[in-house]
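Down below is the structure, laid out as structure tokens.
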Ligand code: GLN
Ligand code: ZN
């Protein structure tokens, strides 16, 4: 009998209840009671959903008020010492202070969870870190779940993944030294779960699907040997990639089962199944992740059942059926998607619908396909409809992609020649100032957009409102003295959704929210068919902004990789070809902008880095097509049209060759929080084109002083030649208010002026230097690993 379970359920709620409860609590509108009540109601509902779907094990402990890594940290009692909290008596309010900072301490660092768009809080470890126990929340939640269902399987982040994802806050400290203490802590936790009456626990170890040093692989042996005698059965969960190359080693661990992700590589899936089936000893459960936990497509049930049939015959009870990973990466339910295109809707399955799929697959295996004939037929019909739909394949797009040549990915002249023409055409000063695109999205604007979407105001009234926002943004920038202006993105709710709404091949959901971090959710659009641009998207808007001023206004587009990465992508096409289709659509937009007289065009690629595969050996292939897609989008313009790109998240030191290969004339990057550390890498690599390292952190409402920004600018000037240096913030300003934005930009422009004046002074008096000395550059201690 194949069994069924899931690795975790989205915690944000069908209507983002958790988000609204959290934000009300943070605003001080409510006390803890309604927030806790919302949490409990959500957990109960998720438990009920799994129970009514007939799953054999119910996941618990997958809930968190902010983040699962943070909750794991709180459970272990490993709260960063700098907060001076009593780990054993941590309050909910203090838990949020860890995540969001307080008056004395900045928040814990947040970073992306593997290659997803979910962010976790990075545990801070050092020689004095203790894991002496912390919150009781997990035990309370498990007790609560046990009252609702007999077979509850708590879900925890595994010890090695926890350690891998944490950072050392003491220079030179090796986190592996903490392993013995950490294992003892996990042993105590598992012992307590056992005492509550739990049989199975799931320990998430996605780090097993990444590149690991031998010492870290060995740590798996040490850790799991240490957890062998708690009386609990351990399901070791791997996901987000394949761990098949480590199947032998994993099969020797004293665990009772292994979960594998069979979705990330459909071609290889049956082979990895064989590998695992051969490797796993008789007593181990194999949990097959056959339903895509990262994507929204309805499973081809019959195909999946046939793939699993031999395994089922061989393993019987030892086979578990599951989604590939936690369902928290897909929206909660299709139920509210009533306005979704009637043809597309049946092709989809969100978290709730996937629960049903798990069950159907198990029943087909256990009872025979006849027992679930209706569900299988519906799945067949959906597959048929998808493969034959006229909206999926567009012959014109196919022909265009087939016709892409290398020449189309190349600008007419090399950078040096282009930049000379651009400087002449744009007449920019030394150290030109600009911003990244968006300006504050004030409440009245959001309200007007909502009213427009509800049909309460007409298209022209909405357009009028947008135009007045644009005009006021242009006037403000002129008054501030910025050199390259932007229109402010007032018409955009989201940088991906806005373009998706205007492209064929994309569907937009109404409530398809996925948690990104804390209370923040994203609503990725769905690419179901060949992508193309039926008509210009931004040309009117940018041309309007340009008509208001003599200064150049930057056209603002979202790049092909970001459009891909922040969407749910069709699973019947290689990502690479979808990227090329999007690139062609953007290329048309770039050409039309240029034709309308726009002289600077920015193509944002903040998601380029997060598209990197988990294994380094797969990086070159990804980077090759990603770079090609960007270049295809950008290269259509004349030499004197300036292409900018923008990226956030500063850790791209290791992909600099690819970033240089984008061949953007100007790149603006996030650097202020790391105090320009990243620029060292650009310097060492001799990055050839213009760079705008962000000199103020837009994530904070604090207005940086002229001196703050000047200091950062000097550090930048130390490594980047002045004539290639731009002056700008770290990222877009949509989340900020106008008051702080204007204050910060005024100081930023002033900082640029001060440095310019010094340079001019120096030209007369070459003794003085504008840059800090290289020595002081290295003075600050670097504690990151
Ligand atoms: N142009 C976008 C903005 O300014 C870029 C956003 C981003 O990098 N995430 O909002
Ligand atoms: Zn950004």
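Throughout, read-outs are computed from the coordinates displayed, never taken from laboratory work. The structure presented is a predicted model; accordingly, all values stated were derived computationally and were not measured. Because the Cβ atoms are built from the backbone with ideal geometry, glycine has one as well, and the counts that use them run over all protein chains shown.
Each listed q (0.19, 0.25 Å⁻¹) maps to a log10 I(q)/I(0) for the stretch 474-557, found by the Debye formula over equal Cα scatterers with no solvent: -0.89, -1.13. Give the calculated FRET efficiency between residue 143 and residue 246 to the nearest 0.05, with a Förster radius of 35 Å applied to their Cβ-Cβ distance. Efficiency for this residue pair is about 0.50.
Each part reduced to its alpha carbon centroid, the stretch 714-758 and the stretch 156-193 end up 41 Å apart. Short-range pairs are left out: with C-alpha atoms under 8 Å and at least six residues apart, the relative contact order of the stretch 474-542 is 28 percent. Annotation: the residues 29, 115, sorted from fewest to most other C-beta atoms within 10 Å of their own C-beta, follow the order 29, 115. If you line up the long axis of helix 214-226 against the longest principal axis of the chain, both from Cα atoms, how many degrees apart are they, to the nearest 10? Taking the Cα atoms of the chain, the angle to 214-226 is about 30 degrees.
Rounded to the nearest 5, the antiparallel percentage of DSSP beta bridges internal to the chain is 15%. Dividing the convex hull volume of the alpha-carbon atoms in the stretch 181-288 by its residue count gives 94 Å³ per residue. Extension gain for residue 753 to residue 170 (0.36 nm times residue separation, less C-alpha to C-alpha distance): 206.0 nm.
The label-point distance for residue 700 and residue 501, in a model that sets each label 7 Å from Cα toward Cβ, rounds to 3.4 nm.
Over the stretch 294-410, Cα pairs under 8 Å with separation of 6+ residues give a relative contact order of 33 percent. Computed across the stretch 605-677, the Kirkwood radius stands at 13.2 Å (inverse of mean 1/r, all Cα pairs).
Kindly put 404, 486 in sequence by how many other C-beta atoms sit within 10 Å of each C-beta, fewest to most. Show your work: numbers first, answer last.
Working: 404 16, 486 26.
Lowest to highest Cβ neighbour count: 404, 486.
With each label modelled as a point 7 angstrom along the Cα→C-beta vector, the residue 723-residue 522 pair spans 3.9 nm.
Relative to the longest principal axis of the Cα atoms of the chain, the long axis of helix 738-764 lies at roughly 50 degrees.
Would you please give the FRET efficiency between residue 508 and residue 107, computed as 1/(1 + (r/R0)^6) with r the Cβ-Cβ distance and R0 = 30 Å, to the nearest 0.05?
Values: r = 32 Å, r/R0 = 1.06.
After rounding to 0.05, the efficiency reads 0.40.
Packing, taken as the mean count of other beta carbons within 10 Å per residue, orders the peptides 217-228, 30-41, 514-525 from highest to lowest as 514-525, 217-228, 30-41. Computed from the Cα positions only, the extents of the chain along the three principal axes stand at 81, 62, 49 Å, in decreasing order.
Counting other Cβ atoms within 10 Å as a rough exposure proxy, the listed residues 675, 354 run 675, 354 from fewest neighbours to most.
Under the 0.36 nm per residue contour assumption, what length would be gained going from the current alpha-carbon distance of residue 549 and residue 391 to full extension?
Working: separation 158, 0.36 × 158 = 56.88 nm, distance 4.16 nm.
Between residue 549 and residue 391, full extension yields an extra 52.7 nm.
Rounded to the nearest 10 degrees, the angle from helix 415-426 to the longest Cα principal axis of the chain is 60 degrees.
Extension gain, residue 453-residue 595: 0.36 nm per intervening residue step, less the Cα-Cα distance, totals 48.0 nm. Each listed q (0.26 Å⁻¹) maps to a log10 I(q)/I(0) for the stretch 574-625, found by the Debye formula over equal Cα scatterers with no solvent: -1.05. Please work out whether the stretch 1-86 counts as rounded, prolate or oblate from its C-alpha gyration tensor, where a ≥ b ≥ c are the square roots of the eigenvalues and a/c under 1.5 means rounded, while otherwise a/b larger than b/c means prolate and anything else oblate? Because a/c hits 1.5 or more and a/b fails to exceed b/c, the stretch 1-86 counts as oblate.
Taken along the Cα-to-beta-carbon direction at a fixed 7 Å, the label points for residue 651 and residue 309 span 4.4 nm.
Which of the three applies to the stretch 371-507, rounded, prolate or oblate, going by the alpha-carbon gyration tensor with a ≥ b ≥ c and a/c under 1.5 meaning rounded?
Working: a/c = 3.43, a/b = 1.41, b/c = 2.43.
Judged from the Cα gyration tensor, the stretch 371-507 comes out oblate (a/c at least 1.5, b/c at or above a/b).
Calculate log10 I(q)/I(0) of the stretch 101-226 for q = 0.09, 0.13, 0.14, 0.19 Å⁻¹, where I(q) comes from the Debye formula with a single equal point scatterer on each Cα and nothing for solvent. One equal scatterer on each Cα of the stretch 101-226 leads to -0.30, -0.63, -0.73, -1.24.
Indicate the gyration tensor shape class of the stretch 642-698 (rounded, prolate or oblate), computed on the Cα atoms with a ≥ b ≥ c the square roots of the eigenvalues: a/c under 1.5 is rounded; otherwise a/b larger than b/c is prolate and the rest oblate. Because a/c hits 1.5 or more and a/b fails to exceed b/c, the stretch 642-698 counts as oblate.
So what is the relative contact order of the stretch 103-247, in percent, for Cα pairs below 8 Å that sit 6 or more residues apart? Numbers along the way, then the final one.
Numbers: 175 pairs, mean separation 37.6, N = 145.
Once normalised by length, the contact order is 26 percent.
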